[in-house]
1. Roughly how many nanometres apart are two label points built 7 Å out from the Cα toward the Cβ at ASP4 and THR260?
2. Would you mind checking which residues have amide H under 5 Å from VAL67's amide H? H placed 1.01 Å from N; only 5 or more apart, or other chain.
3. In a GNM of the chain with a 10 Å cut-off on Cα contacts, which of VAL84, VAL189, VAL99 has the highest mean-square fluctuation?
4. Quick check: with the 1.4 Å probe, what order do ARG179, ARG221, ARG262 take by accessible area, largest first?
5. For the chain, divide the Cα radius of gyration by the Kirkwood radius and give the resulting Rg/Rh value with two decimals.
6. Taking all protein chains in place and a 1.4 Å probe, what share, in percent, of the accessible surface of the chain do carbon and sulfur account for?
7. What is the Cα centroid distance between region 221-240 and region 263-288, reported in whole angstrom?
8. If you count only protein heavy atoms with a 1.4 Å probe, what accessible area per residue comes out for region 118-219, rounded to a whole Å²?
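The values are calculated or read from the model by the stated rules, or taken from the named source; none is laboratory data. Since this is a predicted model, take the numbers as computed values, not measurements. All Cβ positions, even for glycine, are placed from backbone atoms using ideal geometry, and neighbour counts span all protein chains on display. Surface accessibility is based on the protein's heavy atoms, side chains included, excluding ligands, DNA and RNA. Shrake-Rupley method; radii C 1.70, N 1.55, O 1.52, S 1.80 Å.
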Amino acid sequence: MSVDLPCSELAEALGEDMAGSAPAAGGFLVVEQPGPWGRDAVRESGLRPVAEELETRAGAAGLKVHVVRRSVRRYAAEPAAAWVARVQPGARSLVRFEVGSIGELLDLPLDGGGGTPQDRPLLLACTHSTRDPCCARRGLPLHRALAAAGADVWHASHLGGHRFAATMAVLPHGLWLGRVPAAEARAVVEAVEANRIPLPYVRGRAGAPPAAQAAELALRRREALDGLDDLLVAGADGDVVTLAAIDGRRWAVTMRHEPTERHRPVSCGPGAKVEDPGRWIVADVATA
């Protein structure tokens, strides 16, 4: 098989699994920043003067920074918006701030205090073409379809896993989705606004280790549990993950990460990293 295919097409052709590929961060600082963006959208954008300190402060608060914009064209945002999202079950929150200047970002209460609570989920669609062309080629049609479906959706910087484009995130649900067809945008919006998980497109839930993400997804599919809190990670000891259902059932799921024996570029472009991304396998499921 030709490795000259765009990374998302190659990953599909190889049947690569998305499970366990959501970020480990349990919280996010999302900042509106009208274009242009470089490959690193935080440090190569209008945020450059405060980028290093902003990422340091956010990291100390357990937050990963993402950059968003309403349009791929340049526009004025006065005041700009910023959000603090916490995604851990039982402590989810999404608050919005208005920011008059980039310097004010350094004074945001990163615990979310003082912000305006948001009731609707915030959707981020990765369209970050300077990071990987697949993100724009597949992400732009998805963004348009999500907007047409009435979602509060933003063009977002790199969400990880560009080989799974089109990718998107749902905050504060903590859901990371991949290979989302534009034709399914309305169904995805309806699901997340009803606190349901669109299982065919889930990569994992942010804030959990990869093994736990993959175990939760595998058991949800087996038991047909698509409610946001129908199944939660109760604990993880290495590759053994304890999962608890809302009806009181518990399982101990043993996961194994194994190679695919295929080394391939995991993104597009001449400088792409070549590696075997591996895959998560369910080795055992026992009632706990």
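1. Computed distance between label sites ASP4 and THR260 equals 2.1 nm.
2. Placed amide hydrogens put VAL31, SER157 under 5 Å from VAL67.
3. The residue that fluctuates most here is VAL99.
4. Numbers: ARG179 55, ARG221 115, ARG262 85 Å².
Descending order: ARG221, ARG262, ARG179.
5. Details: Rg = 18.7 Å, Rh = 19.5 Å.
Rg/Rh: 0.96.
6. Values: 6160 of 12520 Å².
The computed percentage sits at 49.
7. 21 Å
8. Numbers: 2970 Å² over 102 residues.
Roughly 29 Å² per residue, with all protein chains present.
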